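Trainee: This is the structure I have questions about; it appears just below.
The values are calculated or read from the model by the stated rules, or taken from the named source; none is laboratory data. The model shown is predicted, which means the values in this text are computed figures rather than measured ones. Here the Cβ is made from the backbone with ideal geometry for all residues, glycine too, and neighbour counts use every protein chain on show.
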């Protein structure tokens with residue numbers, strides 16, 4: 001299939017034509033590739049684009065040098081000091097969701113070089129991530145060190161939901177139940193690692209963690225962010241919502257819904273009470289990309 005010549009039809013932009021040709025080539029290649037074994041790691045879609053854009057050699061070096069099917073000792077140490085992670089899941093139809101998880105260092109548990117686990121605390125009751133896992137066990141976990149080494153780690157695998165009691169059986173070093181009820185895991189997610197690889201530091205900003213009070217397990221909208229993005233107000237008013245702004249001191253510029261009515265009386269509420277992790281950008285010299 002020769003795609004090397006410019007056959008752009010009259011009146012069609014070169015960019016639009018290239019995208020259409022690429023999409024056609026990808027569909028042809030994916031259909032044809034399903035009948036052939038490709039020893040390279042990664043998806044067939046990756047391979048199509050690597051060949052199309054001429055990055056196959058670079059990708060092969062990355063696969064060979066940086067992609068692992070288990071955690072290295074350095075990865076285990078890295079996970080053990082993380083206080084946040086981003087969780088990617090999708091349902092049976094491929095509809096994606098990315099969520100945030102946080103806790104004190106050690107909340108991400110490494111059971112062995114091929115198994116990690118993280119707790120699910122009491123949240124808004126939607127259970128989007130857990131619901132996706134019930135339909136589709138594939139999961140991606142992204143952890144970033146913003147403060148020290150400025151590096152990140154991807155972990156992909158297969159997930160299942162387990163009870164706290166079962167987790168205690170799997171991890172004998174797991175600390176006992178915390179004193180605060182809101183910090184007790186409702187469930188745990190057990191992840192069997194299939195891929196682990198680095199995310200380069202080139203564009204990771206250096207941030208400085210700030211101390212704050214975390215209101216574990218609360219339903220108080222004051223500490224959860226309320227209607228920060230104006231969705232409830234828009235639904236109530238039937239009008240296009242305007243963004244809720246914060247001043248230099250972190251005060252709410254306005255309460256857009258009745259849910260925040262009690263908040264307006266206390267204008268001293270700082271942003272750190274509403275955000276899971278407050279970070280300030282710090283200057284960092286690094287070579288230009």
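Trainee: Can you name the residue in the range 106-142 that is out of contact with any strand residue (DSSP E or B) (no Cβ under 7 Å at 6 or more places or on another chain) and within 21 Å of residue 198 (Cβ to Cβ) and, of all such residues, is surrounded by the fewest Cβ atoms within 10 Å (Cβ to Cβ)?
Mentor: 112
Trainee: If the requirement is being at pLDDT 95 or above and either within 27 Å of residue 191 (Cβ to Cβ) or loosely packed, with under 12 Cβ neighbours inside 10 Å (or both), which of these qualifies: 19, 79?
Mentor: On the way: 19 fails: at pLDDT 95 or above.
The unique qualifying residue is 79.
Trainee: Ok, one more. Limited to the range 197-222, what total is found for residues that are closer than 30 Å to residue 65 by Cα and part of a strand (DSSP E or B)? Spell out the reasoning first.
Mentor: Taking the range 197-222 as the starting set, the residues that turn out to be closer than 30 Å to residue 65 by Cα are 197-207.
Still in the list and also part of a strand (DSSP E or B): 197-199, 207.
Counting residues in the range 197-222 that are closer than 30 Å to residue 65 by Cα and part of a strand (DSSP E or B) gives 4.
Trainee: Among the residues of the range 188-222, write down those that are within 19 Å of residue 126 (Cβ to Cβ) and surrounded by 17 or more Cβ atoms within 10 Å (Cβ to Cβ).
Mentor: Within the range 188-222, 188, 189, 221 meet the criteria.
Table: residues versus (1) without any contact (Cβ under 8 Å) to a residue 60 or more places away in the chain; (2) in the same structural domain as residue 146 (by TED's automatic domain parsing); (3) in contact with a strand residue (DSSP E or B) (Cβ under 6 Å, 6 or more places away or on another chain); (4) over 24 Å from residue 149 (Cβ atoms).
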position	(1), (2), (3), (4)
177	yes, yes, no, yes
183	no, yes, no, yes
186	no, yes, yes, yes
189	no, yes, yes, yes
193	no, yes, yes, no
212	no, no, no, no
215	yes, no, no, yes
218	yes, no, no, yes
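Trainee: I've got another one for you. Restricting the search to the range 146-163, which residues are more than 12 Å from the chain's Cα centre (by Cα) and surrounded by fewer than 19 Cβ atoms within 10 Å (Cβ to Cβ)? Before you say what the answer is, go through the steps one by one.
Mentor: Step one: list which residues in the range 146-163 are more than 12 Å from the chain's Cα centre (by Cα), which gives 146-151, 157-163.
Residues satisfying the conditions are 147, 148, 149, 150, 151, 158, 160, 161, 162, 163.
Trainee: If I ask for residues that are surrounded by 14 or more Cβ atoms within 10 Å (Cβ to Cβ) and farther than 13 Å from residue 143 by Cα, which ones from the range 82-96 would you list? Talk me through it step by step, then tell me what you get.
Mentor: To start, the set of residues in the range 82-96 that are surrounded by 14 or more Cβ atoms within 10 Å (Cβ to Cβ) comprises 82-91.
Within the range 82-96, 89, 90, 91 meet the criteria.
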